[in-house]
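The values are calculated or read from the model by the stated rules, or taken from the named source; none is laboratory data. Being a predicted model, the structure only gives us computed values, none of them experimental. Glycine gets a Cβ as well: all are built from the backbone with ideal geometry, and neighbour counts include every protein chain shown. Heads up: the accessible areas ignore ligands, DNA and RNA and are worked out on the full protein's heavy atoms, side chains in. Shrake-Rupley method; radii C 1.70, N 1.55, O 1.52, S 1.80 Å.
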2 protein chains.
Amino acid sequence: MAGSTAPRTSQPLDTEAMLSVSSRHAKSSAIRDLLVHAKRPGVISLAGGLPAADLFPTERLAGMTTSIVSDPRVLQYGLTEGEVDLREWVAAHHSQLGGPSYAVDDVQIVSGSQQGLDLISRVLLDPGDVVVVADPEYLGAIGAFRQRQVDLVSIPVDAYGIDVPVLEDRLSKGLRPKCVYLIPEFHNPTGTSISIDRLTMLARLSDEYGFLVIEDNPYGQLRFDGDPVPSLASLTANVVQCRTISKTIAPGLRVAWMVGPAWLIDAVRIAKQSADLHTSTVTQRMALSIMSDDEWYAAHIAGLVPHYRERRDALSEALSQMLPEARFNRPSGGMFLWVELGDGPDTNKLLPLALDEGVAFVPGAAFAVSRAADQAMRLSYSTATPETLTEGVARLSIAIRKSVR
Amino acid sequence: MAGSTAPRTSQPLDTEAMLSVSSRHAKSSAIRDLLVHAKRPGVISLAGGLPAADLFPTERLAGMTTSIVSDPRVLQYGLTEGEVDLREWVAAHHSQLGGPSYAVDDVQIVSGSQQGLDLISRVLLDPGDVVVVADPEYLGAIGAFRQRQVDLVSIPVDAYGIDVPVLEDRLSKGLRPKCVYLIPEFHNPTGTSISIDRLTMLARLSDEYGFLVIEDNPYGQLRFDGDPVPSLASLTANVVQCRTISKTIAPGLRVAWMVGPAWLIDAVRIAKQSADLHTSTVTQRMALSIMSDDEWYAAHIAGLVPHYRERRDALSEALSQMLPEARFNRPSGGMFLWVELGDGPDTNKLLPLALDEGVAFVPGAAFAVSRAADQAMRLSYSTATPETLTEGVARLSIAIRKSVR
């Protein structure tokens with residue numbers, strides 16, 4: 001067993017690692033190999049997908065854990081569906097968000113949203129089923145769906161989110177999806193949010209054609225400007241909502257949840273039991289302790305927003321000044337900015353040049369489903385200071401000038 | 001969504017809950033419905049499958065968590081394969097157990113052994129594959145295998161563990177399993193351990209016929225008498241070992257690991273990334289902090305043994321005195337004792353009578369794969385005091401007398 005020479009470990013979990021999920025694509029694999037260099041000292045990485053660790057409520061979490069872990073019941077096997085108190089909090093929270101009034105049994109705790117997507121895929125999807133995704137799309141979702149050998153149908157995204165009129169056209173021509181995957185706010189990788197008109201249209205279509213919408217909203221609480229997008233659950237019953245604490249509290253706890261129709265949640269519960277029995281009771285109680293202090297938690301979220309907003313502003317500003325040919329929509333929240341270089345360089349070929357200049361990004365091709373995105377790139381502003389972001393764009397700009405020579 | 005009237009929550013995770021995994025069997029479903037009553041006040045439950053919460057190292061875990069959680073890196077996304085330090089500890093530990101010398105990359109951290117079984121099933125098994133299990137067998141494993149639509153082939157168990165000569169005979173007649181599932185020590189539900197002769201024979205057969213052995217050993221450290229069973233890994237390379245902290249530290253942390261051949265571990269790693277990205281870094285570091293203090297950890301394990309041994313002794317003693325017709329092998333470790341009543345009552349029919357007397361057990365039928373176990377029952381001594389165990393057997397004895405009248 002010992003003695004294999006090729007490195008078998010993954011990179012720290014990040015965009016780089018997620019790329020291996022879709023590694024059947026030669027392009028993704030090549031990108032992954034290159035992005036290993038994003039970890040080189042001195043390289044400014046705009047490639048990552050991590051929240052900022054300096055914004056975690058570390059002190060508060062550290063201060064509460066001794067009392068949580070002092071209760072042996074917290075260390076014992078727990079319920080597959082998750083801790084009752086936490087599910088009560090989630091049910092009340094989602095009931096307040098608009099839509100139906102949820103009961104504790106409508107909630108399933110999962111070990112991160114990724115597990116939610118995996119379990120939904122396992123109970124809902126059979127080989128050959130049609131799943132609609134945006135194009136480009138979040139790699140973790142693509143990976144969960146692909147392992148069920150589904151037929152992925154991709155719909156373009158623009159400044160108003162996934163192009164629901166295009167979906168309607170496809171439906172009218174006979175497309176019959178089992179589900180549609182939706183990141184409603186601050187989509188990864190494009191940073192866009194769905195418009196109310198399109199959301200309403202999607203709800204109507206889900207009723208008319210009987211498909212489920214998987215509403216995955218990890219970034220919604222990190223909103224800098226404008227009004228929140230209402231949950232699709234206020235418009236149709238054909239929706240399962242996935243939410244996580246990974247972007248607002250800490251991903252290392254691996255706590256997230258799903259809220260949805262009984263037929264789905266009950267099936268997911270059985271699958272979860274076979275998958276890992278239950279999510280850690282210790283980390284569930286840590287999450288609950290943070291969130292159930294309403295006043296503190298609201299202040300914590302409100303405190304995160306200016307930091308991420310400042311970083312978004314710095315990156316947007318630098319792009320406008322130093323790369324005037326770049327087209328991008330300034331995201332109203334979240335962690336990502338999608339840049340299109342028009343008839344600029346192929347970003348797959350640009351990446352090694354950029355690494356030479358000391359900056360990393362993820363080429364659009366990594367997120368492409370069926371449409372080429374070879375002139376696009378995803379930039380993350382979540383973990384860098386404004387100064388670093390500006391310097392990163394300066395380096396990127398040099399790389400682009402060199403590439404078009 | 002609200003308004004469903006039937007209860008949809010599971011029982012506290014326990015034998016009762018695990019039964020739902022195999023709920024396609026009408027018998028298991030009936031047993032599950034009855035075992036809900038094991039939670040009634042005043043009922044002595046010998047039905048549970050939980051470790052004793054009063055034996056968890058609660059104080060030590062509580063004392064260390066503040067410093068663990070104070071490091072924001074522990075709260076960030078982690079590696080899919082698990083924390084490097086923890087995998088180093090595991091690799092060194094398993095190298096010491098005999099067998100090959102393991103490297104850090106041979107180790108995959110999982111969220112409990114159940115996830116290990118689930119991930120192995122997902123990457124290894126296709127519909128129609130043959131999987132060999134003992135009969136009776138642990139329900140969680142059966143559940144993980146069944147979801148892959150495999151052909152389960154069961155081999156009887158006796159006082160020397162799974163009957164490998166019977167397996168050899170089946171192999172010689174053409175049986176070609178993809179894997180064999182083995183709980184080598186203190187098997188759940190029978191409490192038996194495999195003999196060295198049979199273990200050696202199984203290793204030889206795995207080499208000859210090219211099947212993988214899944215060696216799942218959650219109870220091995222809870223040994224009261226006799227010598228440990230060596231790992232199959234000291235005899236063949238066709239083995240993946242699953243170990244957990246659930247029975248010796250605390251199940252609520254959800255930390256376990258797999259050690260095995262690169263082709264399997266690498267595939268599991270990719271599946272794990274899609275399944276839940278990674279196991280909680282917080283609970284991994286808690287497990288490591290406990291285990292890496294060699295002296296303290298050895299003393300902790302040594303301290304657990306007398307408690308469980310005393311309970312095993314009390315239950316065995318009471319059975320010998322009050323139910324002389326009961327046949328059982330006094331287990332040398334673990335948490336379970338398997339009782340056969342010979343031509344006594346059908347234990348499925350006995351259960352409601354026993355509940356009326358205030359004692360619960362799990363009828364053998366719950367664990368039966370293809371052989372009837374209707375005169376058998378599984379008794380757990382892990383969580384009750386010696387006095388309670390004695391009283392439980394007294395009540396059981398009354399129920400049996402009433403049933404044969």
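Things worth noting here:
- With a requirement of 2 or more residues that are more than 15 Å from the chain's Cα centre (by Cα) and at pLDDT 95 or above, the strands (runs of 3 or more DSSP E) lying completely within region B:210-260 that satisfy it span B:212-216, B:239-244.
- A:Pro331 being assigned to a helix (DSSP H, G or I), more than 22 Å from A:Val43 (Cα to Cα) and at pLDDT 95 or above: no
- Yes/no for A:Asp356 being acidic (Asp, Glu) and closer than 20 Å to A:Asp158 by Cβ: no
- Taking residues in region B:312-330 that are in contact (Cβ under 8 Å) with a residue 40 or more places away in the chain and polar (S, T, N, Q), and partners anywhere that are surrounded by fewer than 19 Cβ atoms within 10 Å (Cβ to Cβ) and not in a helix (DSSP H, G or I), the pairs with Cβ atoms closer than 9 Å and at least 6 places apart or on different chains are B:Asn329/B:Asp158; B:Asn329/B:Ala159.
- In this entry, A:Val164 is excluded by the filter for residues that are within 14 Å of chain B (Cβ to nearest Cβ), more than 18 Å from the chain's Cα centre (by Cα) and either surrounded by 21 or more Cβ atoms within 10 Å (Cβ to Cβ) or free of Cβ contacts under 8 Å to residues at least 12 places away in the same chain (or both).
- Any chance B:Leu86 is facing another protein chain (nearest Cβ under 10 Å) and in a helix (DSSP H, G or I): no
So that you can scan it fast, the table gives a plain yes or no per residue for (1) more than 7 Å from chain A (Cβ to nearest Cβ); (2) crowded, with 17+ Cβ neighbours inside 10 Å; (3) in contact with a helix residue (DSSP H, G or I) (Cβ under 8 Å, 6 or more places away or on another chain); (4) under 20 Å from B:Ile290 (Cβ atoms):
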position: B:His94; (1), (2), (3), (4): yes, yes, yes, yes
position: B:Ala103; (1), (2), (3), (4): no, yes, yes, no
position: B:Val107; (1), (2), (3), (4): yes, yes, yes, yes
position: B:Tyr138; (1), (2), (3), (4): yes, yes, yes, no
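- Scan of region B:64-83 for residues that are over 19 Å from B:Gln273 (Cα atoms), out of contact with any Ser or Thr (no Cβ under 7 Å at 6 or more places or on another chain) and at the interface with chain A (Cβ under 7 Å from one of its Cβ atoms), ordered by number: B:Arg73
- Residue match in region B:182-197 (condition: out of contact with any strand residue (DSSP E or B) (no Cβ under 7 Å at 6 or more places or on another chain), open to solvent by 10 Å² or more (accessible area, probe 1.4 Å) and assigned to a loop (DSSP other than H, G, I, E, B)): no
- Exactly one residue out of A:Leu396, A:Leu341, A:Leu350, A:Leu337 is buried (at least 19 other Cβ atoms within 10 Å of the Cβ) and modelled with pLDDT under 95: that is A:Leu341.
- Tabulated pairs, region A:254-270, first facing chain B (nearest Cβ under 10 Å) and within 20 Å of A:Trp89 (Cβ to Cβ), second surrounded by fewer than 22 Cβ atoms within 10 Å (Cβ to Cβ) and hydroxyl-bearing (Ser, Thr, Tyr), C-beta under 6 angstrom, 6+ apart or interchain: A:Ala262/B:Ser4
- Residue match in region A:273-280 (condition: under 29 Å from A:Asp225 (Cβ atoms), in a loop (DSSP other than H, G, I, E, B) and either at pLDDT below 95 or more than 22 Å from the chain's Cα centre (by Cα) (or both)): no
- Residue that is surrounded by the fewest Cβ atoms within 10 Å (Cβ to Cβ), among those in region B:370-393 that are at pLDDT below 95 and aliphatic (A, V, I, L, M): B:Ala372
- Unmet criterion (only one of (1) crowded, with 23+ Cβ neighbours inside 10 Å; (2) in contact with a strand residue (DSSP E or B) (Cβ under 7 Å, 6 or more places away or on another chain)) for B:Arg223: (1)
- Matching residues in region B:234-273 - criterion: being open to solvent by less than 10 Å² (accessible area, probe 1.4 Å) and of a type in the set (Gly, Ala, Ser): B:Ser246, B:Ala250, B:Gly252, B:Ala256, B:Gly260
- From the options A:Leu117, A:Leu202, residue that is closer than 17 Å to A:Gln241 by Cα, more than 14 Å from chain B (Cβ to nearest Cβ), open to solvent by less than 10 Å² (accessible area, probe 1.4 Å) and not in a loop (DSSP other than H, G, I, E, B): A:Leu202
- One residue alone among B:Gly98, B:Gly143, B:Gly112 is open to solvent by less than 40 Å² (accessible area, probe 1.4 Å), touching a helix residue (DSSP H, G or I) at 6+ places or on another chain (Cβ under 9 Å) and either polar (S, T, N, Q) or more than 12 Å from every other protein chain (Cβ to nearest Cβ) (or both), and that residue is B:Gly98.
- None of B:Arg285, B:Arg330 is of a type in the set (Lys, Arg), over 14 Å from B:Gln221 (Cβ atoms) and within 14 Å of another protein chain (Cβ to nearest Cβ) except B:Arg285.
- Where a residue in region B:335-362 is farther than 15 Å from B:Leu319 by Cα and its partner, wherever it lies, is basic (Lys, Arg) and open to solvent by less than 10 Å² (accessible area, probe 1.4 Å), with Cβ under 8 Å and at least six apart: B:Val362/B:Arg378
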